[in-house]
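Just so it is clear, none of the values below were taken in a lab; they were calculated from the coordinates. Note that the structure is a prediction, hence the values are computed from the model and not measured. In this analysis, Cβ positions are derived from the backbone assuming ideal geometry, glycine residues included, and neighbour counts consider all displayed protein chains.
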Amino acid sequence: MGVGVLAALGGAAVYAMRSGKSGIEVDTVKVSRVEALQSFVTASGEIVATKYADIGSAVMGRLVELKVKEGESVKAGQVLARIDPVQASSSADAAAASVGALEADARAAATQVRAAQASLEEARSREKEAAASWIRAQELQRAGLLPQSEFDKASMAGTTAAAQVAAATAAFERAQQAQASAERRIAQGQAERTRARDALAKTEITAPIDGVITRLEVEQGEMVVMGVQNQPGTILMTVSDLSSVNAEVKVAEADVMRLSNNFPATVTLEALPSQKFTGRVVEIGASALPQIGTQAAAREFRVKVRLEGAVATLRPGLTCDTEILAAERKNALAVPLQAVVEKDGQTGVFVVRDGAVEFTPVKTGIIGGLSIEVDGIADGTEIVSGPFQTLRTLLNGDRVR
């Protein structure tokens, strides 16, 4: 019985609070226009050089000379290091000698071709003469002017000449095949010589671009290896062009669709907290970054912001925070973000009229800080802005103070 009385008294108190003259205590604010409402996307990342090169080795061997230090400026083509060239030099010399021998063989084969061709032409000339003699012998025999023995001799000479032509033709073809084979061996030898010379040249490591040695991974005397399938090679160093740098940040999937190239940004560095750098978005990842670990997590996309101004003192790897201006509204009508509530599937605010509240639907726009753009109420309208829990329980017609 006592519980029922308390419940009735509580209900009466709530009713009195909602309908009485005192009303529910709330915070109110008048809707106003702001000069510029800005919406930002924030993300963290690191500084990277716009242009850089990881330098590996195309040959295996011991690093016998290291000519640079980390932080040193280099020019394109400058020798940075040398790998022991003894084996590569020997291979190059052997390949060159092999090509010399093959070229000598090819010259001999060409001489044989010319000799075989001359023999063939001579055999064809004799065959032609024997054919003419055979024709004359036939004519003389029909006239009864040539003995049978001479006729048989002319016939035999023609047969012998034809056999000599066939033999000379076969010899010429063999000589041609030998020459072609020699030329193929030369081509193979020349390819091997080129490969050996290339390997020798690659024992000298040069800078591919102008820049600064931003990472040095090896010491003189170490063994270096070249990359093979599924096995990366040794990275000797990284050369970075620090005349232009990017802030490379990871943006949440909920925000990345709001960004486009050329959007302005402000970048701050933990190493230089009192300094801000301006920049613009230059690249937005087309696919999400790989997720690390097995637990499901929000997807992130890589976004690059090109920094402007004096950036030569910055170093790759410095951590940074980036604030990208995603949207801006001039002379926007804005209200506190928490003043906007959902009621019966509609988005709106509680307008205060004559001491009571009336839920009024609004259309929302961009969010800037703790304010949100709205459309559907007039400038100067008084609305309820808090407290947060009270806003969630307000009803149409509630009296407020």
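Here the Karplus relation 6.51 cos²θ - 1.76 cosθ + 1.60, evaluated at θ = phi - 60°, turns the backbone of segment 262-277 into coupling constants of 6, 5, x, 8, 10, 10, 10, 10, 5, 6, 10, x, 8, 10, 10, 10 Hz, with x for every Gly and Pro. Cross-link reach is defined here as a Cα-Cα straight distance under 24 Å, omitting same-chain residues fewer than 8 places apart; for Lys128 the lysines meeting it are Lys153. Rounded to the nearest 20, the Cβ-based charge dipole of segment 87-201 about its Cα centre (Lys and Arg +1, Asp and Glu -1) stands at 100 debye.
The helix-based estimate of mean residue ellipticity at 222 nm for the chain, built from -39,500 (n - 2.57) per DSSP H run of four or more residues and divided by its residue count, is -12500 deg cm²/dmol to the nearest 500.
In this simple spin-label approximation, Leu395 and Glu25 carry label points 7 Å from Cα along the Cα→Cβ vector, and these lie 2.2 nm apart. Can you check what the net charge comes to around Pro290, using other residues whose Cβ is under 13 Å from the Cβ of Pro290 (Lys, Arg +1; Asp, Glu -1)? Around Pro290, the surrounding residues sum to +2. Annotation: extensible slack from Ala143 through Glu121 equals 4.6 nm (criterion: 0.36 nm per residue apart, minus Cα-Cα distance). Which aspartates and glutamates have a Cα less than 12 Å from the Cα of Lys343, not counting those fewer than 8 places away in the same chain? Those aspartates and glutamates meeting the cut-off are Glu358.
Listed by chain and number, the aspartates and glutamates whose C-alpha is less than 12 Å from the C-alpha of Lys75, apart from same-chain residues fewer than 8 away, are Asp210, Asp241. A viscosity of 0.890 mPa s and a temperature of 25 °C, combined with the Kirkwood radius over C-alpha pairs in the Stokes-Einstein formula, give segment 305-360 a diffusion coefficient of 149 µm²/s.
Here's how it looks for Gly233: its modeled amide H is under 5 Å from those of Gly227, Val228, which are all 5 or more places away or on a different chain. Checking (i) 35; (ii) 66; (iii) 53 against percent of Cα pairs over 35 Å apart calculated from these atoms, the matching label is (ii). Computed about the Cα centre, the dipole magnitude for segment 151-209 is approximately 140 debye when only Lys and Arg (+1) and Asp and Glu (-1) carry charge, each at its Cβ. Scanning residues 5 or more positions from Gln78 or on other chains, those with amide H under 5 Å from its amide H are Ala207, with H placed 1.01 Å from N in the peptide plane. Along the axis of the charge dipole computed for segment 87-201 (Cβ charges of +1 for Lys and Arg, -1 for Asp and Glu, origin at the Cα centre), the listed residues Pro147, Ala168, Ser133 are led at the positive end by Ala168. Placing +1 on the Cβ of every Lys and Arg and -1 on the Cβ of every Asp and Glu, with nothing else charged, gives segment 263-401 a dipole about its Cα centre of roughly 360 debye.
For the residue pairs Lys51/Lys330; Lys67/Lys276; Lys30/Lys330; Lys51/Lys276, the C-alpha atoms sit more than 29 angstrom apart in Lys51/Lys330; Lys67/Lys276. Packing around the peptides 78-91, 274-287, taken as the average count of other Cβ atoms within 10 Å per residue, puts them in this order, highest first: 78-91, 274-287.
Potential lengthening of the chain between Thr160 and Thr194 amounts to 7.2 nm, from the contour at 0.36 nm per residue minus the alpha-carbon distance. Extension gain for Arg353 to Arg107 (0.36 nm times residue separation, less C-alpha to C-alpha distance): 77.6 nm.
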